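The values are calculated or read from the model by the stated rules, or taken from the named source; none is laboratory data. Just so it is clear, the model here is predicted, and its values are computed rather than measured. Note: ideal-geometry Cβ built from the backbone for every residue, glycine included; neighbour counts use all protein chains shown. The accessibility values were calculated without ligands, DNA or RNA, using every heavy atom of the protein model including side chains. Shrake-Rupley method; radii C 1.70, N 1.55, O 1.52, S 1.80 Å.
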Amino acid sequence: MRELLADTAERAARYLSEIDLRPVVPSVESIARLQALGGTLPEHPTGPAELLALLDEIGSPATVATTGGRYFGFVVGGTLPAALAANWLAGAWDQNAAMQVMSPVAAKLEEIVREWTLDLLALPSGSGVGFVTCTTMANFSGLAAARSALLQRSGWNVEEDGLFGAPPIRVVVGEEVHVSVLKALNMLGLGRSRVTTIPADGQGRMRADALPGLDERTIVCIQSGNVNTGAFDRAKEICARAGDTGAWVHVDGAFGLWGAVSPFYAPLLDGVGGADSWAIDCHKWLNVPYDSGMVAVRQPEHLRRALSAGNAAYLTQSSGREPWQYTPDSSRRARGIELWAAMRSLGRSGLREMIERNCRQAKQFADALRAAGFSVLNEVVLNQVLVSFGPPEETRRVIAALQADGTCWFGGTVWKGHTAMRISVSCWATSDDDIERSISAIVGIAKAGKNC
Ligand SMILES: Cc1ncc(COP(=O)(O)O)c(C=O)c1O
């Protein structure tokens, strides 16, 4: 075992030390070689050392260098050194984080991370927190709590009696709602199309003035950090409107909620703490390994009622916080360990520095591309930039050429009818040199097309 783990560490260290030297995307040949991992399952065992060598030699070249400093697609973070190291140790521990009795350390670290996160993001300190796989599941969990609370107020027990015959719930979303919220509504039986959609402004913010009358059976889903522009719905105004009526406000704060750690960006989140539930992503901007997110609910009993399973005589429960009562899963890996490691290693100032550096780098992209004659389509308020290189086919050409070039990676989108290249700066490892190299690659490729 010792030799195997040392060999693993050696291979992983080599992979990470070479990440800056290789193209961000794997070559066609590397992808084709993945066939070597398949075929008929061998009849006889393969030794772990031989297997690891095969995985490294075939698998490593076919990875996308998302954990390096020049991947700007979707919203993708890397893995902080301390988070990766904690992930390895946690792998060796192999803890089941479901219950305190199964892993006191996992339960304690979740409790610590719950307190730190609520404090960092200026959310109500008594909130219940569940440790989930991603923002999609955080949205699901927060909205499950909302559904439970609103129906309970109307005298309906949705956990026991389901939705058939239940009093109707209205769900209000902005025109720019993220698809994961709609997926969550679908999974909860609330329907992805059975929503009231509010128009958005030019940056994708829900127009608070266009909200319909709210009541105690309405859920309003707002967004902190639009996936394209980084814009924030006006939480203060919306929460104030909801507060008077008993409506529930859920915040999809995937990456944007981390802006709260910086005094420069916190004003964008003004009023967010007045909501009822929040979906938070950790594998993006907190830079921990996949899969990791958190749901927070102001009144923990709603999350607990919505997600806890019934009793079974063999499942020992303590009187304290039992982790599995706040998540859709029962058995699961102890992802709170990496969250603790990431937060403790950065400290408050390190987290703030990382967020502010990425935002500054996003502005650097926007300024340089504007100066080079290209159009930046959004107000760069956080870490997201949208760029157009002219007609849609030209923007698509630039994106495809950059992806093939491999210096850096960007995806595309259509924003308000304009084809655009998305830039998301979300990785702890992105240096100013990475930004310079990426700007040179973009400008070079975009201008080369113009000269043809
Ligand atoms: C605003 C928003 N919500 C939800 C998600 C979905 O996150 P995940 O992939 O972790 O489920 C994203 C992903 O980028 C997002 O930007």
Looking at 286, 268, 369, 351 in this structure, which one is farther than 30 Å from residue 419 by Cβ and either modelled with pLDDT under 95 or part of a helix (DSSP H, G or I) (or both)? 351
Within the range 299-317, restricting attention to residues that are in contact with a Phe, Trp or Tyr (Cβ under 9 Å, 6 or more places away or on another chain) and part of a loop (DSSP other than H, G, I, E, B), which residue is surrounded by the fewest Cβ atoms within 10 Å (Cβ to Cβ)? 309
Just to be sure before I move on: is residue 20 more than 31 Å from the chain's Cα centre (by Cα) and surrounded by 14 or more Cβ atoms within 10 Å (Cβ to Cβ) in the structure I sent? no
Need the failing condition index for residue 203 against (1) under 18 Å from residue 306 (Cβ atoms); (2) within 23 Å of the chain's Cα centre (by Cα), just the number. (1)
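Out of all the residues in the range 253-264, which are open to solvent by less than 30 Å² (accessible area, probe 1.4 Å) and not β-branched (Val, Ile, Thr)?
253, 254, 255, 256, 257, 258, 259, 260, 262
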Turns out the helices (runs of 4 or more DSSP H) fully within the range 28-130 with at least 3 residues that are among the aliphatic types (A, V, I, L, M) and under 30 Å from residue 306 (Cα atoms) are 104-120
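Residue by residue, here is whether (1) touching a residue at least 60 places away in the same chain (Cβ under 8 Å); (2) open to solvent by less than 50 Å² (accessible area, probe 1.4 Å) holds:
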| position | (1), (2) |
| --- | --- |
| 4 | no, yes |
| 16 | no, no |
| 44 | no, no |
| 57 | no, no |
| 67 | yes, yes |
| 81 | yes, no |
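Sort through 394, 356 and tell me the only one that's over 26 Å from residue 178 (Cβ atoms) and in a helix (DSSP H, G or I).
Answer to the check: 394.
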Of the criteria (1) open to solvent by less than 10 Å² (accessible area, probe 1.4 Å); (2) at pLDDT 95 or above, which one residue 322 fails: (2)
Could you tell me how many of the residues in the range 331-374 are surrounded by fewer than 15 Cβ atoms within 10 Å (Cβ to Cβ) and within 25 Å of residue 304 (Cα to Cα)? 1
Among (1) within 11 Å of the ligand (Cβ to nearest atom); (2) closer than 23 Å to residue 171 by Cα; (3) touching a His at 6+ places or on another chain (Cβ under 6 Å), where does residue 292 come up short? (2)
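Somewhere in the range 84-95, is a residue open to solvent by less than 10 Å² (accessible area, probe 1.4 Å) and either within 16 Å of the ligand (Cβ to nearest atom) or among the small types (Gly, Ala, Ser) (or both)?
no
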For the range 108-163, enumerate the residues that are within 16 Å of the ligand (Cβ to nearest atom), buried (at least 24 other Cβ atoms within 10 Å of the Cβ) and not hydrophobic (A, V, I, L, M, F, W, C). 130, 135, 139, 141, 142
Selection count where residues are within 11 Å of the ligand (Cβ to nearest atom) and surrounded by fewer than 24 Cβ atoms within 10 Å (Cβ to Cβ), scope the range 205-238: 2
